[in-house]
Amino acid sequence: VEAEGAALFGRLQGALRGGAAAASPSRVASSIKGYLTNKVGSLQLRDSAWGESLLSLSKRWLSTQLHSTDDEEFQNVQLPKLPVPDLQMTMDSYLEFASVVVSHQQLEHSKGLVRGFMEELGPQLQESLLDRQKEMENWVTEWWLDDMYLKVRLPLPINSNPGMVFPRRHFVKMEEVADLGALFIDDLLDYKEMLDRGELPLERATSREKGQPLCMEQFYKLLGVCRVPEVGRDRLEMPRAGDGIEETEELIVVACRNYFYPIPVKAVDRGRLTPGEIQAQLLHALVDAAGAPPAPRVGLLTSMNRDHWARAREQLIKDENNRTNLELISRALCILCLDEAGGDRADADADTNAMLRAMHGAGTKHHSANRWFDKTVQLIISSDGTVGMCYEHSAAEGVAVIRLAERALARAEVADRPAPPPALLPAPQSMRWKITPDVHRSIDQAARELDRAISDLDFKVYTYRGYGREFMKSCRTSPDVYIQLALQYAYYKMYGYLVSTYESASLRRFRHGRVDNIRSAHSAADAWAAAMCAAETPPLNDSSDDGQKKVSFNLYGEQKKLELFEEAARKQTSIMEANILGKGIDNHLLGLREAARETLGELPQIFTDETYKQMMQFKLSTSQVATTTEGTFMGYGAVVPDGYGCSYNPKKDCVIFCISSFSSSSVTNTEAFRQSLEEALDSMKLMFQAKVEEKA
C-alpha cells in the first residue's frame with residue numbers, strides 16, 4: 001500500500017508541476033473529489049472492498065483524468081455499470097427468436113426446458129450474475145472476450161481479423177512509398193502521445209439518450225497491443241504501464257519481403273524521429289530487404305490454428321534472440337507492411353483484390369508471410385498503390401480502428417512531403433531467427449493451411465448504386481434498420497427461410513462495454529420477407545386453354561407489404577435499442593451459461609439443446625462499418641462454414657457491401673447472395689415508390 005501511495009502522490013506532484021500540459025491543482029482536486037464521492041455513494045454495508053480508497057485509483061484513471069482538456073474529467077469513471085437483464089424477459093425473447101429459426105416440434109421441446117430452468121436453477125444463476133455485477137466493473141466482458149476471441153482456436157486470417165481498404169495511391173518512386181509510411185507513423189506517434197496525455201476527446205451518444213458519455217477504453221488498446229497464442233486460451237499483451245508524464249520509448253516494426261525490421265521512432269534521450277528520419281529508415285529497410293536472400297517466413301506461424309501456433313511459439317522462445325524478437329513485435333506500436341506489387345486475382349475487381357490483400361495477404365507466394373496477424377494494427381502499403389490495414393479484433397471494435405485510420409489518412413493527405421534529415425541515423429537491422437527443423441515444419445504446414453483457406457474464401461466487394469442512406473432516411477427509416485431488413489429479405493429470397501443473424505450493438509454507454517447482438521431474424525422480418533417473396537412468385541394462371549385472358553392473383557397488396565415492413569422496422573428498432581441500453585439477450589445467455597459452468601461444473605440442458613446450438617450458429621454475420629473517407633471500407637469472413645459475412649458502409653447515394661462465404665459449402669454462394677441483395681434493394685425502392693404514387 002505504501003508503494004502504491006508513493007506512486008500516486010508522485011503522480012499528483014508531477015501533474016502539478018507539469019506546466020501547461022498538466023491539469024491545474026483545482027482540477028486535480030475536483031477529479032479526486034468526484035471519484036471519492038462516487039465510490040462512497042456506491043458502497044453498501046456488505047461491501048468488503050473498503051480498501052478501494054484513494055490509494056487504489058487506477059493508473060488508467062489517473063492518466064486519462066489528470067490531463068483532461070475539458071471539464072469532464074470524471075465522466076469515464078461515472079459511466080454506469082452494464083445491467084443484468086431481467087431473466088424472464090430474456091427467456092421470453094430467446095423463445096421468440098427461436099420460433100423463427102427452429103421447427104415447431106423443436107421449439108415445443110425447448111419451451112419445456114425453459115420452464116424447468118426457470119423453476120429453480122435459472123433464478124439461482126441470475127442471483128449469481130447480480131452479485132457479480134456488484135463486484136465487477138463489467139460482469140460480462142471477461143466471459144465475452146474469451147467466448148468471442150481468446151478461447152477460439154481458429155486461425156486469425158479470414159476467421160477473425162478484418163481487413164480495411166484505404167483509397168488507392170499512385171506511386172512513381174520507391175521514396176513515395178516511404179513518404180506515406182512515414183506520415184502514417186508520424187501521425188500514430190501524435191495519437192499515442194495524445195492518449196498518454198489523456199487528451200482523447202470524450203465521445204457522447206448521438207441517439208437514444210443523447211449526450212450520454214461513452215466509454216473510451218478501446219481507443220487505448222490499439223497501439224502497442226498484441227495477441228499472444230497460448231494453448232486453450234490466448235492472452236492480450238498491453239503496453240507497459242507508464243505514468244503518462246515521463247517520456248517513453250516507442251518503436252515500430254517494418255515488414256518487407258518477409259523480413260521484420262524493428263525501428264525505434266522515439267527515444268528518451270533524443271525524442272521523436274522526424275517524418276524525414278522515419279522515411280529514411282523505411283528506405284533503408286526497403287533497400288536492405290530487396291538485396292537479401294529469401295526470409296524464413298516466420299510470420300506465417302501467426303496464421304495457424306491458435307494451439308498449433310502456441311506450441312510452435314514455445315519452441316521459438318527457447319532461443320534468447322527469438323524471444324527478444326517476439327518481445328519487440330509485441331510492444332511495437334504497430335507493424336508497417338511494405339509490400340511489392342502482385343497477388344491480384346484475375347477474376348476479381350480492384351476493390352475485391354485490395355480487400356483480399358488486406359485480409360490475408362493474397363497467399364504465401366505473395367504477401368501473406370509479410371504479416372504478423374497477432375498484432376492489433378498492421379498498416380499495409382504496396383508499391384502498386386494498394387493501401388489498407390489488417391487488425392486483430394480482440395482488443396477493440398471497428399469504430400476505434402476506423403477513427404485511428406481515418407485521422408492518419410486525412411493528415412497524410414494534407415501534409416508536406418517529409419523533409420530530408422540533416423544526418424542519417426544508423427540503418428535498421430532485420431530480425432534474425434533461429435529456426436529448428438520442427439519450427440520449419442510448422443511454417444510449411446502453416447503455408448499449406450493458409451493457402452487452402454484463401455482458395456476456399458468466396459469474397460466480393462459490391463457497391464450498390466441504386467440509392468444510399470439519403471433515400472432510406474426519406475422513407476423515415478434508419479439506414480441500419482433498412483439494410484438489416486434488406487439482408488433478411490435477400491436471404492429469404494434465396495432459401496425461403498431466415499437464420500440466426502448477428503449484428504454487433506455497441507455497449508459503450510457502460511464501463512468497459514464492448515458489444516451485444518442485435519438479432520435481425522425475428523417474426524416481423526420473417527412475415528415481411530415472406531410477403532415480398534410471395535408477390536414475386538409466378539402468377540397463378542387460369543389453366544383453361546380456350547383463349548380467355550389469363551389472370552394473376554397477388555395475396556399481398558402494396559399497402560400490406562408496407563405495413564409489414566413498418567412493423568418489421570419497429571421491431572428491429574426496439575431490438576437495437578434494447579441492446580445498446582444493456583438489455584440484449586446474447587450476453588445474458590452467455591453469462592448464465594458460464595455461471596452454470598463455474599458453479600455446477602456442467603451445463604444445464606437449455607444450453608446443450610439443439611435450439612441453443614442453432615441460435616448460436618450465425619449463418620448471417622453482419623455489421624455496419626461506416627467511414628467518412630471515400631474509398632475506405634472494411635470486410636471480414638463468414639463465421640460458420642455454411643454462412644455469410646456481410647459488412648456494409650452506407651454512403652449518401654450508394655452502399656458498399658463486403659460479402660463473404662466459403663466455396664467448400666454446397667449451401668452458400670457469394671455472387672448469388674449479391675444478386676439477391678441487389679434485387680431486394682431494388683424491390684424495396686419500388687415498394688416505397690408505389691406508396692408515393694398511390695398518395696399522388
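The values are calculated or read from the model by the stated rules, or taken from the named source; none is laboratory data. Because the structure is predicted, anything quoted here is derived from the model rather than measured. Heads up, the Cβs are rebuilt from the backbone with ideal geometry, glycines too, and the neighbour counts pull from every protein chain shown. Ligands, DNA and RNA are excluded from the accessible area calculation, which covers all protein heavy atoms including side chains. Shrake-Rupley method; radii C 1.70, N 1.55, O 1.52, S 1.80 Å.
Give me the net charge for the shell around G631: Cβ to Cβ below 10 angstrom, other residues only, Lys and Arg +1, Asp and Glu -1. Spell out each step's value before the answer.
Working: positive: R168; negative: D351, E630.
Around G631, the surrounding residues sum to -1.
May I ask you to list the GluC sites (Glu not before Pro) in the stretch 602-696 that are in a DSSP loop and have at most 11 other Cβ atoms within 10 Å of their Cβ? Display every interim value, and only then the final one.
On the way: sites: E602, E610, E630, E671, E678, E679, E693, E694; in loops: E602, E630.
Counting only loop positions with at most 11 other Cβ atoms within 10 Å, the GluC sites (Glu not before Pro) in the stretch 602-696 are E602, E630.
What figure in square angstrom, to the nearest 10, would you give for the accessible area of D374 with a 1.4 Å probe?
For D374, solvent-accessible area is about 0 Å².
Loop only by DSSP, 15 or fewer other Cβ within 10 Å of the Cβ. Give me the trypsin sites (Lys or Arg not before Pro) in the stretch 265-299 that pass, ordered by residue number.
Numbers: sites: K266, R270, R272, R297; in loops: R270, R297.
Qualifying residues, ordered by number: R270.
Rounded to the nearest 20 Debye, what is the dipole magnitude of the stretch 623-696 about its Cα centre when Lys and Arg each give +1 and Asp and Glu each give -1 at the C-beta?
On the way: 6 positive and 9 negative charges, 44 e Å.
About 220 debye.
Can you figure out the FRET efficiency of Q105 with V667, using R₀ = 22 Å and their beta-carbon distance, to the nearest 0.05?
Working: r = 23 Å, r/R0 = 1.02.
After rounding, the FRET efficiency stands at 0.45.
Taking only C-alpha pairs under 8 Å that are 6+ residues apart, what is the relative contact order of the stretch 121-266 in percent? Please list the in-between numbers first.
Values: 85 pairs, mean separation 20.7, N = 146.
14 percent.
Just how much of H284 is accessible, in Å², when a 1.4 Å probe is used and the result is rounded to the nearest 10?
Ignoring ligands and nucleic acids, H284 comes out at about 60 Å².
Are there GluC sites (Glu not before Pro) in the stretch 213-319 that DSSP marks as loop and that have at most 11 other Cβ atoms within 10 Å, and which are they? Working shown, then result.
Working: sites: E217, E230, E237, E246, E247, E249, E250, E277, E314; in loops: E230, E246, E247, E249.
In loop regions of the stretch 213-319 (DSSP not H, G, I, E or B), the sparsely surrounded GluC sites (Glu not before Pro) are E246.
Can you list the residues, at least 5 places off or on another chain, whose amide H is less than 5 Å from the amide H of V515, using H built in the peptide plane?
Sorted by chain and number, the residues that satisfy this are L507.
Where a Cα-Cα gap under 15 Å defines reach, which aspartates and glutamates qualify for K460, not counting those fewer than 8 residues away within the same chain?
D344, D347, D349, D351, E671, E678
I'd like the FRET efficiency for E563 and S207, computed as 1/(1 + (r/R0)^6) with the beta carbon distance as r and R0 of 25 Å, rounded to 0.05.
Details: r = 25 Å, r/R0 = 1.00.
Approximately 0.50, to the nearest 0.05.
Could you tell me which of the pairs K111/K613; K192/K266; K210/K651; K473/K571; K583/K619 are separated by over 20 angstrom between their Cα atoms in the structure shown?
Details: K111/K613 15 Å; K192/K266 11 Å; K210/K651 23 Å; K473/K571 17 Å; K583/K619 23 Å.
Violating the 20 Å Cα-Cα cut-off are K210/K651; K583/K619.
If you find the alpha carbon centre of the stretch 133-147 and of the stretch 461-532, how far apart are they in angstrom?
Between the Cα centres of the stretch 133-147 and the stretch 461-532 lies a distance of 28 Å.
Can you compute 3J(HN,Hα) from phi for each residue in the stretch 156-168, using the Karplus curve 6.51 cos²θ - 1.76 cosθ + 1.60 with θ = phi - 60°, rounded to whole Hz and x for Gly and Pro?
Values per residue, Gly and Pro as x: 6, x, 6, 7, 9, 6, x, x, 10, 9, 9, x, 5 Hz.
Can you give the charge dipole size of the stretch 170-246 about its Cα centre, rounded to the nearest 20 debye, using +1 on the beta carbon of Lys and Arg and -1 on the beta carbon of Asp and Glu? Walk me through the numbers before you get to the answer.
Details: 11 positive and 17 negative charges, 108 e Å.
So the dipole magnitude of the stretch 170-246 works out to roughly 520 debye.
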